[in-house]
Each structure stands twice: as C-alpha cells, then as structure tokens.
Amino acid sequence: MRCARLIAFCCTLAANAALAQTPQPVQPVEGQAGKDVVWIPSPRDMVEKMLEMARVTPQDYVIDLGSGDGRNVIAAARRGARALGVEYNPDLVAVSRRAAAAAGVADKAAFVQGDMYEADISQATVLILFLLPDSLARLSGKFRDLKPGTRIVSNTYEVSGWYADETGRTTPCPSWCIASLYVVPAKVAGTWRLPDGELTLRQDMQSASGAFELDGISLTVENGWLRGNEISFSLNGVAYSGRVNGDTMEGTAKGRTTRAWHAIRLP
C-alpha cells in the first residue's frame, strides 16, 4: 500500500513538473507596450456600439488595424461579417486566433501579424478602430482612397480634417465611450457640365462648395455635403440631391417644382 501511494505521489510530482515546463499561452495585459501605442482594448459595450453605428451586416468586410486581442473582429464575425485584424504583436495574434476558435467564428475572423500602416485595406467596407490621433493622421490618406460609402468608426479619437457624420456614446460614460462615424465621400472636385450650365466644385472631405455659371451669371453653391456617393447642395434656393457614379451625377432638384438633373465631369 505504501509503495502504491509513493508511486502515485511521484507521478503527481512528475506531472506537475511537466506542466510547469510546458509553455503557457500568453495573456494580454491592459496597458502593455506595443509598437506604436500601449494596448488598451475597447470596452465590450463600445465594440457593439461601433458595430451598430457602422450598421455591420453579413455582406460587410470589416478590418481592425491594431486589433489587439481581436474583440472587434470577433464581434463583427458574430454578426455574420467577414473580418480581419491586423496586429503587430504576434502574441496578441495568437490570443485572437484562440478566442475566435473558442467563439466559433474562426471561419469568418482572420488575424495577421503585420504593420497596420502597410496593410492593404482597399477591400474593406467597414473599419472599426481604436487608435491615437497621430496614427489616425498617418492613415488618413489611405482612408480618403477607400471606396465611397466605406464606413469608418473610431473610438474616442477623431480623424483630423474629417467631419463626423454621426457620433454616439455608451452610458454610463467614464472613459472610452464616445465614437465617431465617418462615411468615405465620393470625389467630386472639378467642373461638371449640366444641360444649362457648368458646375465647379471644391471639396473638403465631406463638404463641398463652388459656383454654377449660367449665361454669365454666377450662383454660389451652398450647403454642399457628401455622404458616400450621395450628394446634396443648394443653388439659388433650389435643393439638389443626387448620387455620384464616377464621372456622372444625377438626382432631383426641388424648388417651386421638382425636376430631374444630371451632370458629367469635364476632363
């Protein structure tokens, strides 16, 4: 009996020693240093808020730059979207992949180790981000070149030079609880030919201004605004709304009467 107990005790010691020597999965620690920023995850309720603001559906392709433990990507995948996280820290990539598998969304949630500034985001329909202003500023040029209508939601920090199309917050609101939504606008700067004159537009992200020339008379473009491919502006009290499709625009103009309008961009 004593021999059996001794053998069992020795086996337990051996098992414990083997377990101690087995590498354990790295667990992320809030505030740990990263390549460009310390890692602070978005609160879970803020993650859901950002996805709601972006109106994420199964038809979307969601990308998170600096994806940390993968929570944004996994939450998007749970809504049926394809999602990708780009994370510089390989340990966090491993954590994210394990979490995606545990959540049953590994077929929709992918993670790659890499530099977010070098990542190809051209196919994204939604970006869900929690980055510092300097990082957002460095990425702003890439954001501008995304397809019109792409939605960008940023936790806490705004994208410099852009105008938020919507803002939202979670409650209570102690910290990391305000989000800004930006919808990438179509590019409309230039001169457009309408049947009765020429429309010259200047563009400052979602804002548009300019003038319409008709028989030597110049009318000022007022209240010009873009939301993705949708455009609206006023001319001499007439409200124009329409849709941009590359080098053409068309829509309706409402004044005393309502009529259709269309325009072609000049070379």
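How do the pairs read when you match residues in segment 212-223 that are at pLDDT below 95 with residues anywhere that are surrounded by 11 or more Cβ atoms within 10 Å (Cβ to Cβ) and of a type in the set (Ser, Thr, Tyr), using Cβ under 6 Å and keeping only pairs 6 or more apart or on different chains?
Filtered contacts from segment 212-223: no entries.
Give the residue, chosen from SER154, SER207, that is surrounded by fewer than 17 Cβ atoms within 10 Å (Cβ to Cβ) and out of contact with any Asp or Glu (no Cβ under 9 Å at 6 or more places or on another chain). Break it down stepwise before answering.
Values: SER154 fails: surrounded by fewer than 17 Cβ atoms within 10 Å (Cβ to Cβ).
It is SER207.
Just the residues that are touching a residue at least 40 places away in the same chain (Cβ under 8 Å), crowded, with 24+ Cβ neighbours inside 10 Å and among the polar types (S, T, N, Q), please, taken from segment 72-97.
Across segment 72-97, the qualifying residue is only ASN72.
Taking segment 114-162 on its own, how many of its residues are in a loop (DSSP other than H, G, I, E, B) and touching a residue at least 12 places away in the same chain (Cβ under 8 Å)? Break it down stepwise before answering.
Step one: of segment 114-162, the residues in a loop (DSSP other than H, G, I, E, B) are 114-125, 130-132, 145-150, 156-162.
Then keep just the ones that are touching a residue at least 12 places away in the same chain (Cβ under 8 Å); that gives 114-117, 119, 121-125, 130-132, 145-150, 156-162.
So the count comes out to 26.
In segment 163-208, what count of residues is obtained for those that are in contact (Cβ under 8 Å) with a residue 60 or more places away in the chain, in a strand (DSSP E or B) and of a type in the set (Asp, Glu)?
Result for segment 163-208: 2.
Being surrounded by fewer than 18 Cβ atoms within 10 Å (Cβ to Cβ) and touching a Lys or Arg at 6+ places or on another chain (Cβ under 9 Å) is the filter here; which residues of segment 120-142 pass it?
Selection gives SER122, GLN123.
State whether the residues of segment 244-256 include one that is in contact with an Asp or Glu (Cβ under 7 Å, 6 or more places away or on another chain) and modelled with pLDDT of 95 or more.
Taking segment 244-256 as the starting set, the residues that turn out to be in contact with an Asp or Glu (Cβ under 7 Å, 6 or more places away or on another chain) are none.
Taking every residue of segment 244-256 in turn, none turns out to be in contact with an Asp or Glu (Cβ under 7 Å, 6 or more places away or on another chain) and modelled with pLDDT of 95 or more.
The values are calculated or read from the model by the stated rules, or taken from the named source; none is laboratory data. The model shown is predicted, which means the values in this text are computed figures rather than measured ones. Positions of Cβ are generated from backbone atoms using ideal geometry, with glycine treated the same way; all protein chains shown enter the neighbour counts.
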